[in-house]
1. What length, rounded to one decimal in nm, is gained on full extension from residue 120 through to residue 252, with 0.36 nm per residue of separation minus their alpha-carbon distance?
2. How would you rank 249-258, 3-12, highest first, on the average number of other Cβ atoms within 10 Å across their residues?
3. Can you sort 89, 97 by how many other beta carbons sit within 10 Å, fewest first?
4. In what order do 134, 50, 196 fall by count of nearby beta-carbon atoms within 10 Å, going from fewest to most?
5. Determine the shape class of segment 38-144: with a ≥ b ≥ c the square roots of the Cα gyration tensor eigenvalues, call it rounded for a/c under 1.5, and otherwise prolate if a/b is greater than b/c, oblate otherwise.
6. Counting other beta carbons within 10 Å of each Cβ, put 139, 195 in order, fewest first.
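Here, each number is a calculation from the coordinates, and none is a lab measurement. These numbers come from a predicted model, not from an experiment. As a convention, Cβ positions derive from the backbone with ideal geometry for all residues, glycine included, and neighbour counts pool all protein chains shown.
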C-alpha cells in the first residue's frame, strides 16, 4: 500500500488555513437607497472557499476568480449595489468586501482562476483561522507524489436549528478533505487523481474552489496550489481535483500585484 503521509498538526485541523466564503442575500434597510441592513443566510446560495496567507507581515485572502465573478453577476442581475454580500460564517457573519484582483497572466498562459486581496488579520483571528506564513514555508519537494486538498462543498450546506439565533437557525458547512495522487511535481495547472477502493460519497464538490492544496511529508507541509475544480469520476470510482499552482514564489508574485489595504 502506498503511504501518503500528512503531519499530525495538519491532520488535526485541515481547515485551519481556510474558511467558507458564502454569498448571502441582504435585507435592505431602505430599499430606495439600497442600504444593507443585515444578511439572510440561506443554505441554497452559492459559496466558495478562502485560503489565508501571510508575507512580509501582511495578510491576504485567496479564492477563485469565478467565485468572485459569480458574486458580481448576482449584483448586476439584482440591479442593487448592496443586494448580496460575501461573508465568512464563523463566530458571526462577517463581510468580505470585494477588493479582489485577478493576477496577470504569464506570457503565453491564460490568467489564473485566482482572486486575491489583502485582508485585516484580526478578521482571520476572530474566526479562529491562521494564515500560511509564506516567509517560513519551504517549496514543494521534488519527489512529491500526493497532495491534500481542503474546502467547503456548497451542496453540504444545511440550516441547523439554533433557538438563540435571530433567524432561528444557522447555516453550517462541513469541510471535505481529498487526498490524491500526483504524477509529478507540478509547475503550472495540475490534476490530483486517484482510483478509489470504495465509491466516493455522492456529493458535488463545487464550493471547494479557492481552497488550499497542500504538499506534505510526515513532519512538514506547505502550500502547493489552489483548487479551481474537482469531483468524482465515472461511477464515483475515482476522484480528481484541478489546481492552480500556488507555491510561495507564485503567491508572492500575486501579492506584488495587490493594492495595499486602506487600513
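1. Working: separation 132, 0.36 × 132 = 47.52 nm, distance 1.76 nm.
Taking 0.36 nm per residue and subtracting the Cα distance, the gain is 45.8 nm.
2. Details: 249-258: 15.9, 3-12: 12.7.
My ranking of the peptides, most packed first, is 249-258, 3-12.
3. Details: 89 22, 97 10.
Neighbour counts put them in this order, fewest first: 97, 89.
4. On the way: 134 20, 50 29, 196 14.
The order, fewest Cβ neighbours first, is 196, 134, 50.
5. Note, shape of segment 38-144 comes out oblate.
6. Details: 139 13, 195 10.
Starting with the residue having the fewest Cβ neighbours, the order is 195, 139.
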